[in-house]
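This report refers to the structure that appears directly beneath it.
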Amino acid sequence: MSVPQPHAKPATHILVEGVTLAYGDFVIQHDLTFGIKRGDVFIIMGGSGCGKSTVMRSLTGLLQPKVGRIHYEGVSFWDAPAADRAQTMRRFGVMYQSGALWSSMTLLENVALPLEQYTSLSPAQIHDIAAYKLALVGLRGFDDFYPSEISGGMQKRVGVARAMALDPDVLFFDEPSAGLDPLSARLLDELILELRDSLGTTMVVVTHELASIFNIGDDSVFLDPETKTMLTTGNPRELRDHSDIPKVRSFLTRGEA
Ligand SMILES: Nc1ncnc2c1ncn2[C@@H]1O[C@H](COP(=O)(O)OP(=O)(O)OP(=O)(O)O)[C@@H](O)[C@H]1O
Ligand SMILES: [Mg+2]
């Protein structure tokens, strides 16, 4: 029997309601409605150019919807005063599609940067937290390396450590495994699952890599570039096996079903 937790946070962390996104008058996606549960790995999927990064921008505070609302724990994100929105945004960790590290800084300095910018912690405290985050992504002992001295997969891990520097409530990843060989991509997926399980952080992941989608996705939304709206939402493995929407099944089975 489950006992109600008096201070339990609501199960729905992020709620997208009737959202239309556009650049100027050019609509990218319309009528998006889906929920993201706390502690889930939520996948934004769909073919190239359908608007995945655009949806992520609206969730992270970079692009205001033309229509509709985005709620964080029941509070309308874009209707809130700018100062409140900035407060919410401080609780986000974001790894963008380009995801570059500063080449002239060591790995530790890269991870320490958000702590220097947004906290008043002492240099010693910042050093310890940054070293801890690097250890968390499996890079203990690499503090003083420069980005050019490590592999692409390790660089992605540093990107994850940097996104986690401020102990975010939500982690956003845009194509985290792009450019990685299958083994490194797999290791990065495992890292994402480890962090979800150990920290309970909600993760929003943009990807069109099928292996990743099935490995890590608890839930998802499928965006269609032709109709410019979502076709479905749900667990990706269940959608693959049971969806009756041809485009969704075709995407999730590489056209083999
Ligand atoms: N700043 C912008 N101004 C105008 N149009 C834009 C802008 N950014 C993206 N677009 C257009 O919006 C559409 C969706 O782009 P978006 O980057 O969100 O797609 P995506 O699904 O992330 O693509 P990819 O799989 O290539 O990363 C594209 O047609 C793109 O050209
Ligand atoms: Mg994109």
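The values are calculated or read from the model by the stated rules, or taken from the named source; none is laboratory data. Everything quoted here is computed from the prediction, not taken from an experiment. Using ideal geometry, Cβ is built from the backbone for each residue, glycine included, and neighbour counts are taken over all protein chains shown.
Out of region 83-127, which residues are charged (D, E, K, R) and in a helix (DSSP H, G or I)? Give the steps one after another, and end with the answer.
Residues of region 83-127 that are charged (D, E, K, R), as a first pass: 84-85, 90-91, 109, 116.
Listed by number, the residues that qualify are Asp84, Arg85, Glu109, Glu116.
In region 195-244, how many residues are at pLDDT below 95, of a type in the set (Gly, Ala, Ser) and not in a loop (DSSP other than H, G, I, E, B)?
3
Would you check if there is a residue in region 64-82 being over 24 Å from Glu175 (Cα atoms), in a helix (DSSP H, G or I) and away from ligand 2 (no atom under 16 Å from the Cβ)?
Scanning region 64-82, I find at least one residue that is over 24 Å from Glu175 (Cα atoms), in a helix (DSSP H, G or I) and away from ligand 2 (no atom under 16 Å from the Cβ), so the answer is yes.
Which members of region 174-191 meet the condition of being within 16 Å of ligand 1 (Cβ to nearest atom) and either more than 17 Å from the chain's Cα centre (by Cα) or surrounded by fewer than 16 Cβ atoms within 10 Å (Cβ to Cβ) (or both)?
Within region 174-191, Gly179, Leu180 meet the criteria.
Hey, does region 206-213 have a residue that's in contact with a Leu (Cβ under 9 Å, 6 or more places away or on another chain) and more than 16 Å from ligand 2 (Cβ to nearest atom)?
So the first thing to find is which residues in region 206-213 are in contact with a Leu (Cβ under 9 Å, 6 or more places away or on another chain), and the list is 210, 212-213.
So of that shortlist, the ones also more than 16 Å from ligand 2 (Cβ to nearest atom) come out as 210.
Yes, the conditions are met somewhere in region 206-213.
So if I check each of Met105, Met95, which one is surrounded by fewer than 17 Cβ atoms within 10 Å (Cβ to Cβ) and touching a residue at least 12 places away in the same chain (Cβ under 8 Å)? Spell out the reasoning first.
Values: Met95 fails: surrounded by fewer than 17 Cβ atoms within 10 Å (Cβ to Cβ).
Result: Met105 is the single residue among Met105, Met95 that is surrounded by fewer than 17 Cβ atoms within 10 Å (Cβ to Cβ) and touching a residue at least 12 places away in the same chain (Cβ under 8 Å).
Is one or more of the residues making up region 229-246 touching a strand residue (DSSP E or B) at 6+ places or on another chain (Cβ under 9 Å) and of a type in the set (Lys, Arg)? Outline the logic, then answer.
Of all residues in region 229-246, those touching a strand residue (DSSP E or B) at 6+ places or on another chain (Cβ under 9 Å) come to 229-236, 239, 243, 245.
Still in the list and also of a type in the set (Lys, Arg): none.
No: zero hits.
So, of the residues in region 102-158 that are of a type in the set (D, E, K, R) and over 19 Å from Pro168 (Cβ atoms), which turns out to be modelled with the lowest pLDDT?
Arg140
Any chance you could count how many residues in region 156-179 are within 27 Å of Ser120 (Cα to Cα) and part of a loop (DSSP other than H, G, I, E, B)?
So the answer is 6.
Could you list, in sequence order, all residues of region 48-63 that are outside any helix (DSSP H, G or I) and away from ligand 2 (no atom under 11 Å from the Cβ)?
Gly61, Leu62, Leu63, listed by residue number.
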